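The values are calculated or read from the model by the stated rules, or taken from the named source; none is laboratory data. What you see is a predicted model; the values in this text were computed from it and never measured. No Cβ is skipped: glycine too gets one built from the backbone with ideal geometry, and neighbour counts run over all protein chains shown. Just the protein is used for accessible areas: all its heavy atoms, side chains included, with ligands, DNA and RNA removed. Shrake-Rupley method; radii C 1.70, N 1.55, O 1.52, S 1.80 Å.
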Amino acid sequence: MRTVTVVGASLAGLHAARELRAQGFDGRLVIVGDEPHRPYDRPPLSKDFLTGRADEDQLALTDAEETAELDAEWLLGVRARGLDARGRTVLLDDGRTVSTDGVVVATGASARRLPGDGLAGVHTLRTLDDARALRAELTRGPRRVVVIGGGFVGAETASSCAALGHSVTVVEAAPLPLVPQLGAEMAAVCATLHRRGGVELVTGASVAALRGTVAVTSVALSDGRNLPADVVIVGIGATPNTAWLAGSALVLNDGVLCDDGCVTSLPRVVAVGDVARVGGMRAEHWTSATEQPRVAVTNLLAGRTVECARTVPYFWSDQYGARLQFAGRRREGDTVRIVEGVLADGGPADDGFLARYERDGRTTAVLSVDRPRPFTRVRRELVRAERTQPTSGQTQPTDKGEQPTGGWVQPTDKGEQPTGGRVQPTDNRERSTGDRVQPTGHRAPSTVL
């Protein structure tokens, strides 16, 4: 291969570019991103950036030295609109085309929206531009904030808004927030965190409408209640960015369908991160974005699946002064027991706790609140156990497979002749996942602890 194009200047896309160079690819590397920004760290958007404790320069995932080492062509602020597999070409929405021998699809996911979210004061929080707009609005004095969705991003955003002194209400359609991810017992613990933080939690009610003329004024609920609102933040999950791949012959179903090695149904095309449904599962995890690229690039350069991804889902969430960490695959029917620490008034005590999820005498997942060291030990156990298990055996892209309920899974973000093409000018005028990673100045491949 002489040219590889990474579509998506995301965390996963950046890791794919790093892996290409680390694994010896010295050809032309093109990175296409629909945002004008180089890859940045998304987790702080709902926390330190929103509250003003972090600035934009602290979000960067690359520095000038690494950018030079990658020796890539960055096409930023332009969206991919199509993939011509026969012509080995990525089509851009400004009319240009990129001829390529291999493609890494890393276009991530976009925030789900609600009808009426065009009103002023209604926000989503997925991108840097989203966070800029929300932060600006939250600095205009006290606001009545309604957060729709009690997932991790919703909880983190609510926590940040409360810390800024705003009146905050969280609306969650389920009886408790985070039941699919944590189970009812631990979800109740998270509900206590909201209340301790001075945030009103409304559960078991869905949103009927957003009210207002030019700007939002209230949120109407399905049970007849009406919540006054100056700011509404919609945090109801994300959908994979696959529209640009329609008609490409890639198999699409809640993401790009891949085998266990991130290999798609088209030769020399792999997919990673939030957009990839690997071995039957699409998971918006930090580990997906940082670990899948190594396997995907290995298989892309080999021209076939020679290695499979073995990732233990992992995420963390900072809310109301507590750090939650989760790893593993919780399923319905697993039992959960607190093995370190205790609960106090339905929530974590001051020194936190560690809980193990178990099935048939073995640990399937672990949840920690402010217990990072014991959490890391159990996470390592899970990683070791994962490596001894056989893969699912999927050597063809598939949309079948059991969906685990834990670990922030969304149900609900490859030998042909090289063409060696260049970007062709025409007359016509890029939680969580919640991806969690620290910026680095080199391109060493990531590893699980």
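Just give me the residues in segment 171-196 being more than 13 Å from Gly150 (Cβ to Cβ), among the small types (Gly, Ala, Ser) and buried (at least 18 other Cβ atoms within 10 Å of the Cβ), in sequence order.
Scanning segment 171-196 gives a single hit, Gly183.
Given segment 101-176, what strands (runs of 3 or more DSSP E) lie entirely inside it while holding 1 or more residues that are closer than 18 Å to Ala208 by Cα? I'd like the intermediate steps shown before the answer.
Working: elements: 102-105, 109-111, 144-148, 167-172.
Once the strands (runs of 3 or more DSSP E) in segment 101-176 are filtered for at least 1 residues that are closer than 18 Å to Ala208 by Cα, what remains is 144-148, 167-172.
Sort out which residues of segment 265-282 are open to solvent by less than 10 Å² (accessible area, probe 1.4 Å) and either farther than 19 Å from Gly108 by Cβ or hydroxyl-bearing (Ser, Thr, Tyr) (or both), and write them in order of number.
At the first step, the residues of segment 265-282 found to be open to solvent by less than 10 Å² (accessible area, probe 1.4 Å) are 269-276, 280, 282.
Selection gives Gly280 alone.
Quick one: in segment 136-158, of everything that is of a type outside the set (Val, Ile, Thr) and open to solvent by 20 Å² or more (accessible area, probe 1.4 Å), which residue is nearest to His123 (Cα to Cα)?
In the first step, residues of segment 136-158 are kept if they are of a type outside the set (Val, Ile, Thr); the result is 136-138, 140-144, 149-152, 154-156, 158.
Adding the requirement that they be open to solvent by 20 Å² or more (accessible area, probe 1.4 Å) leaves 136-137, 140-144, 151.
Numbers: Ala136: 12, Glu137: 10, Arg140: 15, Gly141: 17, Pro142: 17, Arg143: 14, Arg144: 14, Gly151: 16 Å.
Applying the filter and picking the extreme gives Glu137.
I need the full set of residues from segment 31-75 which are under 22 Å from Asp101 (Cα atoms) and under 20 Å from the mean Cα position of the chain (by Cα), in order please.
Ile31, Val32, Gly33, Asp34
Testing Leu14 on (1) touching a Pro at 6+ places or on another chain (Cβ under 8 Å); (2) over 28 Å from Ser317 (Cα atoms); (3) not in a loop (DSSP other than H, G, I, E, B), one condition comes back false. Which one is that?
Result: Leu14 passes all but (2).
Looking at segment 19-31, is at least one residue in contact with a Pro (Cβ under 7 Å, 6 or more places away or on another chain) and either buried (at least 24 other Cβ atoms within 10 Å of the Cβ) or at pLDDT 95 or above (or both)? Can you show your working first?
Going residue by residue through segment 19-31, those that are in contact with a Pro (Cβ under 7 Å, 6 or more places away or on another chain) are 19, 22.
If we keep only those that are either buried (at least 24 other Cβ atoms within 10 Å of the Cβ) or at pLDDT 95 or above (or both) too, we end up with 19, 22.
Yes.
Inside segment 34-53, can you point out the residues that are more than 24 Å from Ala106 (Cα to Cα) and part of a loop (DSSP other than H, G, I, E, B)?
Scanning segment 34-53 gives Lys47, Gly52, Arg53.
Which of the residues that make up segment 218-232 are part of a loop (DSSP other than H, G, I, E, B) and buried (at least 18 other Cβ atoms within 10 Å of the Cβ)? Steps first, please.
As a first pass, look at segment 218-232 and keep what is part of a loop (DSSP other than H, G, I, E, B): 222-225, 229-230.
Scanning segment 218-232 gives Ala229, Asp230.
Do we have Ala215 as at pLDDT 95 or above, of a type in the set (Gly, Ala, Ser) and open to solvent by less than 30 Å² (accessible area, probe 1.4 Å) here? Before the answer, list the steps.
Details: at pLDDT 95 or above: yes; of a type in the set (Gly, Ala, Ser): yes; open to solvent by less than 30 Å² (accessible area, probe 1.4 Å): no.
No: the conditions fail for Ala215.
Quick one: which of Asp254, Asp260 is crowded, with 20+ Cβ neighbours inside 10 Å, among the acidic types (Asp, Glu) and farther than 16 Å from Glu156 by Cα?
Unique residue meeting the criteria: Asp260.
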